[in-house]
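To start, the structure itself, in structure tokens.
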Amino acid sequence: MSHDSLLARAAELAERGSPLVVVTLAEVTGSAPSDTGAKMLVTAEGHDSGTVGGGRVEARAIDEALKMLTEGGPACRLVDWSLKADVGMTCGGRVKLLLERHGADEWPLVVFGAGHVAQALARILVTLPCQATFIDPRGDWLAKLPERVRTIETDDPPAEVDRLPEGAFVLCMTRGHKSDLPVLVRLFQSDRDWPYVGVIGSQAKAAVLRKELAAAGVPAEQAVFHCPIGLPIGTNHPGEIAVSIAAQLLEARDAIKAG
């Protein structure tokens with residue numbers, strides 16, 4: 001695979017919101033299975049594309065990349081391995097590999113809906129260190145969003161719940177409670193924990209949603225969500241509502257970090 005193709009694949013994975021590690025063979029001394037500059041992409045599923053030489057050195061590099069994706073730590077590492085002593089190969093060479101993690105450190109936010117408040121919120125989110133995804137059946141509204149956010153056009157938004165990233169903060173901002181409800185049912189019936197779930201609307205809407213969730217078989221202790229969303233500041237102008245929502249999201253994120 002050419003470097004251009006590999007970079008195109010990395011951009012494709014980033015667009016999907018898939019964290020990855022780019023492994024680059026930065027330096028070779030003596031005999032080694034590949035040339036300086038060789039690259040490989042590793043995702044949470046393992047090797048994705050490219051190669052840094054195959055065999056044991058590549059397997060070891062994949063293991064290191066997977067640790068970076070699952071355990072966190074520095075986003076960039078340089079490893080210096082003797083192929084014989086560190087990797088167990090008969091080659092007498094030495095390699096230095098640069099491992100760069102992308103996407104895993106970004107705060108995942110998913111918004112169901114792309115209406116007026118969502119549009120205003122998107123313009124705030126692109127200034128924050130987050131990975132924002134907007135899901136809506138209306139392609140024309142998604143097209144109005146900033147280029148830096150990820151968009152998913154679908155006639156079945158609830159089905160996207162199963163594909164949401166781990167630890168995602170989720171906002172339901174669809175055209176009404178009838179389209180919010182199926183998303184919430186799918187969220188709360190999943191076996192996953194959501195650090196923040198918010199629904200745009202009033203306290204009266206929240207009461208109706210809780211009754212309907214109970215009727216759908218979701219226990220009250222499980223149906224935990226913010227509604228109304230946002231801090232109690234500002235007016236009902238979409239831009240001011242968006243500011244209040246962004247502030248509440250930051251407040252919730254920081255509370256989780258603080259433990």
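Within region 1-33, the set of residues being within 19 Å of residue 61 (Cβ to Cβ) and either of a type in the set (S, T, N, Q) or modelled with pLDDT under 80 (or both) comprises 1, 3, 18, 24, 29, 31, 32, 33. State all residues of region 44-58 that are surrounded by fewer than 22 Cβ atoms within 10 Å (Cβ to Cβ), at negative phi and modelled with pLDDT under 90; if no residue qualifies, say none. Listed by number, the residues that qualify are 44, 45, 56. Taken over region 100-131, the criterion of being over 20 Å from residue 167 (Cα atoms) and either among the charged types (D, E, K, R) or assigned by TED's automatic domain parsing to the domain that holds residue 81 (or both) is satisfied by 100, 123.
Of 117, 110, all but one fail to be assigned to a strand (DSSP E or B) and not basic (Lys, Arg); the exception is 110. When region 69-98 is filtered for residues that are in contact with a Leu (Cβ under 9 Å, 6 or more places away or on another chain), surrounded by 15 or more Cβ atoms within 10 Å (Cβ to Cβ) and among the charged types (D, E, K, R), the ones remaining, listed by number, are 77, 94, 96.
How about region 126-158: which of its residues are under 24 Å from residue 228 (Cα atoms), modelled with pLDDT of 95 or more and within 20 Å of the chain's Cα centre (by Cα)? Matches in region 126-158: 134, 135, 136, 142, 145, 157, 158.
Please give the number of the condition residue 240 fails out of (1) modelled with pLDDT of 95 or more; (2) farther than 20 Å from residue 129 by Cα; (3) buried (at least 17 other Cβ atoms within 10 Å of the Cβ). Among (1) modelled with pLDDT of 95 or more; (2) farther than 20 Å from residue 129 by Cα; (3) buried (at least 17 other Cβ atoms within 10 Å of the Cβ), residue 240 violates only (3). Residues considered: 161, 126, 95, 149. Of these, the only one that is in contact with a helix residue (DSSP H, G or I) (Cβ under 8 Å, 6 or more places away or on another chain) and under 18 Å from residue 253 (Cβ atoms) is 149. When 180, 162 are checked against the criterion of being touching a Phe, Trp or Tyr at 6+ places or on another chain (Cβ under 8 Å), among the charged types (D, E, K, R) and either in contact (Cβ under 8 Å) with a residue 24 or more places away in the chain or part of a loop (DSSP other than H, G, I, E, B) (or both), 180 stands alone in meeting it. So for region 190-202 (the condition being part of a helix (DSSP H, G or I) and either of a type in the set (Gly, Ala, Ser) or at pLDDT below 95 (or both)), does at least one residue qualify? No, every residue in region 190-202 fails to be part of a helix (DSSP H, G or I) and either of a type in the set (Gly, Ala, Ser) or at pLDDT below 95 (or both).
Say we look at region 25-43 and pick out the residues that are of a type in the set (Ser, Thr, Tyr) and crowded, with 18+ Cβ neighbours inside 10 Å; which of these is farthest from residue 11 (Cα to Cα)? Filtering first and then ranking leaves 34.
The values are calculated or read from the model by the stated rules, or taken from the named source; none is laboratory data. All values derive from a computational prediction rather than experimental measurement. Cβ atoms come from the backbone with ideal geometry, glycine included; neighbour counts cover every protein chain shown.
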